Each structure stands twice: as C-alpha cells, then as structure tokens.
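The values are calculated or read from the model by the stated rules, or taken from the named source; none is laboratory data. Because the structure is a prediction, the values reported are computed rather than measured. Using ideal geometry, Cβ is built from the backbone for each residue, glycine included, and neighbour counts are taken over all protein chains shown. Protein only, heavy atoms only, side chains kept; ligands, DNA and RNA dropped before computing areas. Shrake-Rupley method; radii C 1.70, N 1.55, O 1.52, S 1.80 Å.
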Amino acid sequence: MTWEQGLVAVIVTALMVVLLQGRQSVAVCFSTAAFLFYAAGLVSTDVLRQQLVNPGVLTLGLLMLVAVVLNKSRALEYWTRRMLSGGYRTAMAKLMLAVSVHSALLNNTAVVASLVSPVKGAGADASRLLMPLAYAATLGGAMTLVGTSTNLLIDGFVQSEGMAGLHLLAPLPLGLVLLVLCSLTMWLTLPYLLQRRDISEPPAADYFIEAQVQDTSSLVGRSVAEAGLRELGSLYLVEIIRGEQLLAPVRPGTAIRAGDKLVFAGDVQRLDLLAGFDGLAVMEDSTEIPTDNLLEVMVSGESVLCNRSIKSVDFRSRFDAAVLAVRRSSRYLRANLASLPLRPGDVLVLATGPDFDNRNNLQRNFIPVSRPIVERFVSPWKSALALGGFALVILLAATGVVPLLRGLAVLLAIYLAAGLVRVHELRRNIPWYLLITIVSALVVSQVLASTGLAGLIVNGVMNAFSTGPHAAVVLILLLTALLTALMTNNAAAALMFPMALGAAGNLDVEPMPFIMAVLFGASASFMTPHGYQTNLMVMAPGGYTFRDYLRAGAPVTVVYLLTAGWLLPVFFPFR
C-alpha cells in the first residue's frame, strides 16, 4: 500500500465513523473529506472544477428548482384524497399506485412531503397508511433517474468516469418488477404488521398557559427581557395577545402593558414558575388563544438545525417563529426546549410570525406536516402549465429528442416568463447543501478510484471469497443496502460506486450490472427510519418506533434484495 492509499484509507475510515455516528450532516462530512484530499494534493483544481459542472450535478440543481414550481400544484393532494376511500387494503393499493407513479416522475421526497398531511387526515387507518406511502415513494423513485437524487448522483459518477450517462429510464424494467412484487408483499403483510394507533394531535390549548397582566403589576412598562420572562427554564413566552393584536414571536425588547395576555409554552404543568411575578393572573380557560398561526414542520436531514439546540441557532430571529413543542417519534417533548439538540425527523410545533413564510431556505430546513409552507396555485391553468411542461420535458428526454439538462433549463425559463415562479423564490430554494454533498461525494469517489485503494479493497474481498460475476454483483448490492441502512443513501452510493467499478474491472465484464447494483442497493432502505429520508418523514406523524420499521420493513427488504440479486444480470448482462 502506498502512502497515498494509506492516507485515503485513514480519511475514508474517519468519514465512515462520523457518518455512522450521525452527529454531523452528510454535507459537512463529505466536504471535509474532499477538502483534505485537495489539501494533500490527491485531487487537482481542474478536477474540482470539472465536478462543479458535472452534468449530473447541474441536472439535479435544475430539477430541484423546477420542483419549487411543481410543489405549488394541488393536483397530487386532490387525487390522493379521492383515493383514500374504501377499506384499508383498497386505500393502500390505490395510494401506493398513485405515489409510485408520481415518485418516478417527480422527486420522491417532495411527493411524500406533499402527502403527509392529506394521509394523516384519512381517518382511523392513517397510521397504517403513512409507512406504505414512504415505501411506495422509495420504490417509485428507484425506477427513473429523476425519482431520487441518489440516481442522479450515480449518473454523475458514471459521467465523471468518461462513460456515457445513464438513460432516463435505465432502471425502469427491474424497478417495475421490484415495485410490483414489493407492493404485493406490503398488501399482504402490512395489515398484520402495522397496528392501528391514534395519531390525532392534542388540543392546541394543551401547549399553552395563559396569564393576564393586571393594572397593578410591576411588569407594566418593563420590557420582556427586563422583567425576566425569558429566563423561566421550562416555560417560555411565545405570544402576547393585546386586544385584537397578536404579537408572535415575542421580542426581548417588547414592552408589557396592562391587560396584556401572556401566552407561555413548554411544560404547562409548571405553574409555579409564574408565581413569583406579582399581578400576573393565570387564566384557567385558554380556549380563546388564536391558533391560526400554529404550524407543524419536520426537521429535514439537511437542516442547519440538526444536532443543534433551538437557542444556539437563534431560532426566533432566524425563522420568525417560536417552538411550542417537539415531537420525537410518538413522544411530545415540552421541557427545556431551548437547550434540546434537534434531530432529523423531529416534528416542531411552531407559533409563526407574519414574516415566517418569507424567510430563506424554509424548504431546506423544514418538511411541512400540518399544511404546506409554500404558496399553492389558485388558477388551474398554472397547475396545468407547470405539470404539462414537466411531463413534456420528461417525454422528450426519455425518447432522446432533447437532453434532460437542456429541457429543464428551458422549462425553468418558461416558468419564470409565465410568472409561475419569481427569481427570489428560486434564489431562496437553491439546494446548496445537497449540491455540496454531491460534488464532494464525486471527489471522494474519484480519489478512491484514482489512488487504486478501491481496486485494492475489491481485490482483497474477491480473493477472500473467490466470487464470480453474479456473486460479486449480489455482494455489491448487499453492501450498498447495508451502508444505506446505517448512513444515508447518497453516502452509501458514493462509497460503493468505486468498489463496483473495481469489481467489474477485476472480472473483465461490463460495469452496468455493478452500477445498477449500487443504484438499487441505495434504495433498499425499509428497515430503519434514518437510511432514507422518506422513511424519516413519516416516523413522527405516524407515531412509529424503530421496531415498527424492523417488523414492517423486513419482508419488503427480503423480497427486494432477493429479486434484485437474481434479476440484475438478466436485465443488465455481463457481456
């Protein structure tokens, strides 16, 4: 082993350890590794520049911006509500069909984000429909390049190696077989493996304590900070009701007036914390508290909030909102929220201010749960133009008439010209973290291959197991699926792609079966909530635990991996 290979091995090992710990975002992990490779002279400036303009990266960026417009359409929510009728199995079958088709054409994460709220309102079986929703989105997204960012990432890897890019529908034949068989498995098993549970939200008044400032109170005329109302520990002031006016979130400099109704959130049992303030009368009935500004959102896996506390990110100033409660899986957390480190998948109950919807990067940090956080189209022709234009671009790309990258660029220009989106909306929603992750992952993958470390690892594994081509493909598939469950799908794909190419070169066969093993292995995440974002998105709204994913995902995973392992060489021959 050369010193370059030794250094790369150390950095990649550290990268995997940090990814497994989950304490840093994937973007930070991969960008740090890429910088260390650059600093060590293992990758040149020209290579970095090439990865920045990689067609896969550019296509993904344009696709995410086009999704800003597509998310304004109400069509998917409308059809989903119509399909959630009938018995549980009937509703599940119709839901999985609609979701899988949409996820093949649109980004599957965006599809799930649009449907969590409608499915939650499906009645008694809502808790048993959210997991099939996530699984169907995963299966549908694996069928095309545009269904999930991981497929576009793999296409970027392919093009960075000087090979022709993947066809838009390259994964479709095997993906369709997997969709049918796994959907049938869910239809047969999930009624027995998922229990019906109450996922209704507690009354809004359960979040609050309301206290009125009396005329004789020493608080009158003092600011919130001077009065010590921001240092209560388990309770914190989130709103002030002043006549017909609602002040939310409350600023430290806001002066308190007689007659103000102070609304506190947090541990609502801690009335003793308010007892030390004279002239502050706790009101027994909080039913008149305005709730129109309440919103439930989920912390995205790429959010700046991950592993940071609400206080450390200055949440109120950054988003013009106050956190009333945090729901983690099936538990509500209300005490000491300011110092609570947030995790991907946490659902935040927010009291939003008037400027909340105008803040930057809402869609990167939050996934809506109770209602959309983007403005929906009111005019039907706008929805028709948005969806029809995107469908035309996909059709032209699939038939080879117009490259997908060019088609998306032209479509985005048409959206701007037609007034379907504004420049500042696009600027606010550029997926910087995802693009940084993709570019950095491309660099890491290329260094693994160019230094020969990937080939060295592959040679050692293949010599140890004496594997033939089919067994090697199955091994790549299983290892990618395992890493996806432990890390994320993008991280697993970045680490396994150079191994897949090395295995193909070692056996002197076509690389496509191995490339597709990585592609489908990166979507084989059904048994854990954190391996795939769509799984994480339904965890808290469905009240699921880790055990629910193990129990419900096991039969789907077995069918998926057995089928993919058997059919990969059939659909993608070695010669």
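Would you confirm, using the coordinates I've provided, whether A454 is over 16 Å from the mean Cα position of the chain (by Cα), under 20 Å from A142 (Cβ atoms) and part of a helix (DSSP H, G or I)?
Details: over 16 Å from the mean Cα position of the chain (by Cα): yes; under 20 Å from A142 (Cβ atoms): no; part of a helix (DSSP H, G or I): yes.
No: the conditions fail for A454.
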Within region 145-167, how many residues are open to solvent by less than 10 Å² (accessible area, probe 1.4 Å) and outside any helix (DSSP H, G or I)? 4
Out of G121, G141, which single residue is without any contact (Cβ under 8 Å) to a residue 60 or more places away in the chain and of a type outside the set (K, R)? G121
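Quick check on my filter: what residues within region 259-278 are within 18 Å of A338 (Cβ to Cβ) and either open to solvent by less than 40 Å² (accessible area, probe 1.4 Å) or in contact (Cβ under 8 Å) with a residue 24 or more places away in the chain (or both)? Before you say what the answer is, go through the steps one by one.
Pass one, region 259-278, residues within 18 Å of A338 (Cβ to Cβ): 262-270, 273-274.
Scanning region 259-278 gives L262, V263, F264, A265, G266, D267, V268, R270, L273, L274.
Given the criteria in a helix (DSSP H, G or I), closer than 23 Å to I457 by Cβ and free of Cβ contacts under 8 Å to residues at least 24 places away in the same chain, does G41 qualify?
On the way: in a helix (DSSP H, G or I): no; closer than 23 Å to I457 by Cβ: yes; free of Cβ contacts under 8 Å to residues at least 24 places away in the same chain: yes.
So G41 fails the test.
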Any residue at all in region 550-569 that is in contact with a Ser or Thr (Cβ under 6 Å, 6 or more places away or on another chain), open to solvent by less than 10 Å² (accessible area, probe 1.4 Å) and not β-branched (V, I, T)? no
Filtered residues of region 301-321 (kept if open to solvent by less than 10 Å² (accessible area, probe 1.4 Å) and either modelled with pLDDT of 80 or more or over 22 Å from the mean Cα position of the chain (by Cα) (or both)): L305, V313, F315, F319, D320, A321
Scanning region 212-258 residue by residue, those open to solvent by 20 Å² or more (accessible area, probe 1.4 Å) and acidic (D, E) turn out to be D215, E226, E231, E244
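Residues are listed down the side, and each one gets a yes or a no for (1) modelled with pLDDT of 80 or more; (2) open to solvent by 10 Å² or more (accessible area, probe 1.4 Å); (3) in contact with a Phe, Trp or Tyr (Cβ under 7 Å, 6 or more places away or on another chain); (4) among the aliphatic types (A, V, I, L, M):
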position: Q51; (1), (2), (3), (4): yes, no, no, no
position: M92; (1), (2), (3), (4): yes, no, yes, yes
position: S100; (1), (2), (3), (4): yes, no, no, no
position: L105; (1), (2), (3), (4): yes, yes, no, yes
position: V119; (1), (2), (3), (4): yes, no, no, yes
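Just name the residue that is farthest from V458 (Cα to Cα) out of those in region 496-519 that are open to solvent by 10 Å² or more (accessible area, probe 1.4 Å) and touching a Leu at 6+ places or on another chain (Cβ under 7 Å). Full working, then the answer.
First, the residues of region 496-519 that are open to solvent by 10 Å² or more (accessible area, probe 1.4 Å): 496, 499, 501-502, 505-512.
Subsequent filtering for residues that are touching a Leu at 6+ places or on another chain (Cβ under 7 Å) retains 496, 511.
Details: M496: 10, P511: 14 Å.
Applying the filter and picking the extreme gives P511.
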